[in-house]
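Structure record follows, encoded as structure tokens.
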Amino acid sequence: MMQQVEIDDRLYRNVLGSFATGVTVITTEVDKVVHGMTANAFMSVSLKPKLVAISIGENARMLHHIKDSKQFAINILSANQQNKSKQFAGQLKSESEVTFTYFKGLPILDDSLAVIACDLHSEYVVGDHTIFIGHVTGVKLEQNDPLLFSQGKYRELKELEESESPT
Ligand code: FAD
């Protein structure tokens, strides 16, 4: 039996938010309508075969879009795409029209740092999220810096000076 442990919700969110991540926008198309959603719950799962995972909340419309289309693209955002992240998280008061290009039959944000196109491989309902496993059908990569997210804020990459080797 699972043990019930009392953990303060705010502390729990702060702890999980202290894990710095990149930011993606998941895109897909259903009946010729393009949908996008900001997500940072993304990870690589397997190299042979090439599989990746995303985790989508039970209330997100994207959950049903992926179930319908059975394919999705993961757009890994560049440092200059903070507004795209906010738009696809529904955080902008006035949204602008977004232009999509196509890659492997999927709509993508063409100024992204990288894109991973996937066919839906499998899905697992876990608590209040569904983990979608994607079978990778194509990738593309640009020269750019990633957009980062940590402690509830967008960040940029900064190289640390190499420390002197211990004597
Ligand atoms: P909607 O509410 O339908 O769409 C989201 C927004 O995108 C809307 O404002 C919509 O207008 C806009 N949009 C959609 N399609 C288009 C289009 N074709 N052109 C222009 N605009 C469009 N949630 C998770 O479930 N998993 C995560 O891993 C996750 N990570 C997140 C990371 C960050 C940094 C942030 C800020 C949020 C994250 N979220 C995550 C929350 C998630 O992005 C929001 O809850 C989102 O609003 C849910 O979207 P939805 O699918 O319900 O779509």
Self-check item: Test: K104 is more than 13 Å from the ligand (Cβ to nearest atom) and among the basic types (K, R)
Solution: yes
Quiz item: Any idea how many residues of the range 43-77 are more than 11 Å from the ligand (Cβ to nearest atom) and on the phi < 0 side of the Ramachandran plot?
Solution: 17
Exercise. Please find, within the range 69-93, the residue that is least open to solvent (accessible area, probe 1.4 Å) out of those that are in a loop (DSSP other than H, G, I, E, B) and closer than 16 Å to F42 by Cα.
Key: L77
Self-check item: Members of the range 1-47 that are surrounded by 10 or more Cβ atoms within 10 Å (Cβ to Cβ) and in a helix (DSSP H, G or I)
Solution: Y12, R13, N14, V15, G17
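Residues checked against (1) out of contact with any helix residue (DSSP H, G or I) (no Cβ under 7 Å at 6 or more places or on another chain); (2) open to solvent by 30 Å² or more (accessible area, probe 1.4 Å); (3) modelled with pLDDT of 95 or more:
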site	(1), (2), (3)
V125	yes, yes, yes
I131	yes, yes, yes
G134	yes, no, yes
V139	yes, yes, yes
L147	no, no, yes
Q151	no, yes, yes
Y154	no, yes, yes
Exercise. Scan the range 94-110 for residues that are open to solvent by 60 Å² or more (accessible area, probe 1.4 Å) and on the phi > 0 side of the Ramachandran plot and jot them down.
Key: K104
Quiz item: In the range 95-106, is there at least one residue being farther than 15 Å from T38 by Cβ, under 16 Å from the mean Cα position of the chain (by Cα) and at pLDDT 95 or above?
Solution: yes
Exercise. Could you please tell me which pairs satisfy a Cβ distance under 7 Å, a separation of 6+ or placement on different chains, a first residue in the range 1-21 that is within 15 Å of S150 (Cα to Cα), and a second residue that is loosely packed, with under 10 Cβ neighbours inside 10 Å?
Key: G17/G152
Practice problem: Identify the residue in the range 32-69 that is out of contact with any Ser or Thr (no Cβ under 9 Å at 6 or more places or on another chain) and not hydrophobic (A, V, I, L, M, F, W, C) and, among all such residues, is nearest to K104 (Cα to Cα). | Solution: K32
Self-check item: Selection status of K104, of a type in the set (K, R) and more than 15 Å from T28 (Cβ to Cβ)
Solution: no
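The values are calculated or read from the model by the stated rules, or taken from the named source; none is laboratory data. Values in this document were obtained by computation on a predicted structure and should not be read as measured data. For neighbour counting, all protein chains shown are included, and Cβ atoms are generated from backbone atoms with ideal geometry for every residue, glycine included. Ligands, DNA and RNA are excluded from the accessible area calculation, which covers all protein heavy atoms including side chains. Shrake-Rupley method; radii C 1.70, N 1.55, O 1.52, S 1.80 Å.
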